[in-house]
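Undergrad: The structure is given below, and queries will be raised subsequently.
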Amino acid sequence: MVSFTCIQNDTIVVLTHEESSQVCSTWRAVSRSELLWEDAIRGVWYRRRPVLPTWHEEFVRLHRTARNFRTRRSAHSHLLPPASPAFSCRRLALSDRYLVAGFLDGSIRLFELPSGLHLTTYRTHPQRDRLGPFSRSISGLVLLSDPSRLVFACQDGDLHVAPLDDPVTGSTRRAHVGNLMEDGTLVDFAGDSRRWVGLFAGIPGRSWHVWDAETEQLVYVGGSLTDPDSVLGWRMLTDLDGPTVGRVRTAEPGAMVACTSSRLQVVDLDDPGEVSNQLEIRRRALVDSVDACDGQVMVVDLRGLARVLRARTLAEVCRFSTVARVEGHQQQRVPGMVGCMNWGYAVVCSAGGLRVWDAATGEYLYSFRERVGDVTVVAASDRYVAAWVNDTGLHLWDYGAM
């Protein structure tokens, strides 16, 4: 059992109970400081508040979960079976308490964690005039904790808010009414407790939309990131089998990253009119394999080469190949590869399998034991991995249950 931790040269050293008995009494006294544990957690996991009563208990929980993640110790659950093609999942989001799945028909299912119990189903407003059969498709989910609420977006630009204090009622309200003819298609949506950001395609010069999360007011419209993909944006309203236009992610508080197949942009939300950094992607990105977490962003290109970059500077942290090898021969990349990352690990899914890499070193760690099929949507948090497979439905892996 972990007794306490010391920090040496920015490295966290975990001492066992036996080792701690050999440490001087002064350090043992210091190790009981909640400020020490809080500083250690914020330096590694970017946590702002503990889930458990004390920061020490929170560190033990997070350390044990991270160890389980590295050593493939998880509990697998099958939460939802597949249904009709109209019920295909488009987005997943995770928090400490909830898993949310958004579907092609505009519905959203909320599950309690860690039990996996289905709490309620939210629905958008089908009575609105729609431009294309997929206008109501869910294009983004944001889980917020203070206050506890779910924000979700549709491709037609509508934003909805659902309070989670009493989720069983399934009540929602529309926070913003989209305008397809002025803004184009909302291809992706992300955010945090300060800002919500939508990535649009269809109308030149209106790629980025930023809302104040507290007032829910639109505070910025601009940017040209998706201008070359305007036609693809419009096609998403009638055809979702084409290439993915783009993805937007919260890299860290105040910074958003957005990626198309040819370009990655970083925007400081205190001044969203200025692109703080940009990277041209020569071999084109697999946009469904773009994700960001805790100041880092992962991009996978058409060759299956993944790069983890620091979000603010786009300096490379590591790189690794996601293409499977059999008997020393490299296989061709499987179309439809998707990926995600959490604070320390990258998860990439292809050919019916999910595999994990260390996001700091690029070291390959393991494949999931469960062969669930071809994953189309995947999300990860510090404790959970969730994935949707059209043939088998919704799956959840809990690394904190062991």
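The values are calculated or read from the model by the stated rules, or taken from the named source; none is laboratory data. No experiment lies behind these values; they were computed from the predicted model shown. We place every Cβ from the backbone using ideal geometry, glycine too, and count neighbours over all the protein chains shown.
Undergrad: Counting only residues that are outside any strand (DSSP E or B) and free of Cβ contacts under 8 Å to residues at least 24 places away in the same chain, which one in region 259-273 is farthest from D227 (Cα to Cα)?
TA: Among those residues, the one meeting the criterion is D270.
Undergrad: May I ask you to say which residue of R319, R283, R333 is surrounded by fewer than 18 Cβ atoms within 10 Å (Cβ to Cβ), touching a Leu at 6+ places or on another chain (Cβ under 8 Å) and modelled with pLDDT under 95?
TA: So the residue among R319, R283, R333 that is surrounded by fewer than 18 Cβ atoms within 10 Å (Cβ to Cβ), touching a Leu at 6+ places or on another chain (Cβ under 8 Å) and modelled with pLDDT under 95 is R283.
Undergrad: State all residues of region 286-302 that are hydrophobic (A, V, I, L, M, F, W, C) and either under 15 Å from W357 (Cα atoms) or crowded, with 24+ Cβ neighbours inside 10 Å (or both); if no residue qualifies, say none.
TA: Matches in region 286-302: L286, V290, A292, C293, V297, M298, V299, V300.
Undergrad: Restricting to region 190-218, count the residues that are part of a loop (DSSP other than H, G, I, E, B), touching a Gly at 6+ places or on another chain (Cβ under 9 Å) and among the small types (G, A, S).
TA: 3
Undergrad: Can you find a residue in region 219-234 that is out of contact with any Ser or Thr (no Cβ under 8 Å at 6 or more places or on another chain), part of a loop (DSSP other than H, G, I, E, B) and either in the same structural domain as D291 (by TED's automatic domain parsing) or buried (at least 21 other Cβ atoms within 10 Å of the Cβ) (or both)?
TA: Within region 219-234 (the criterion being out of contact with any Ser or Thr (no Cβ under 8 Å at 6 or more places or on another chain), part of a loop (DSSP other than H, G, I, E, B) and either in the same structural domain as D291 (by TED's automatic domain parsing) or buried (at least 21 other Cβ atoms within 10 Å of the Cβ) (or both)), the answer is no, since none of the residues qualifies.
Undergrad: Further question: Surrounded by fewer than 20 Cβ atoms within 10 Å (Cβ to Cβ) and either under 21 Å from C154 (Cβ atoms) or not assigned by TED's automatic domain parsing to the domain that holds R90 (or both), is that true of S276?
TA: No.
Undergrad: Now for a separate question. For region 235-257, give me the residue count where each residue is among the charged types (D, E, K, R) and part of a strand (DSSP E or B).
TA: 3
Undergrad: Sticking with this one: Condition check: at pLDDT 95 or above, touching a strand residue (DSSP E or B) at 6+ places or on another chain (Cβ under 9 Å) and not aliphatic (A, V, I, L, M). Does E363 satisfy that?
TA: Against the criterion (at pLDDT 95 or above, touching a strand residue (DSSP E or B) at 6+ places or on another chain (Cβ under 9 Å) and not aliphatic (A, V, I, L, M)), E363 qualifies.
Undergrad: Does any residue of region 243-256 turn out to be over 21 Å from the mean Cα position of the chain (by Cα) and polar (S, T, N, Q)?
TA: no
Undergrad: Among the residues of region 204-221, is any more than 21 Å from D271 (Cβ to Cβ) and among the hydrophobic types (A, V, I, L, M, F, W, C)?
TA: Among the residues of region 204-221, not one is more than 21 Å from D271 (Cβ to Cβ) and among the hydrophobic types (A, V, I, L, M, F, W, C), which makes the answer no.
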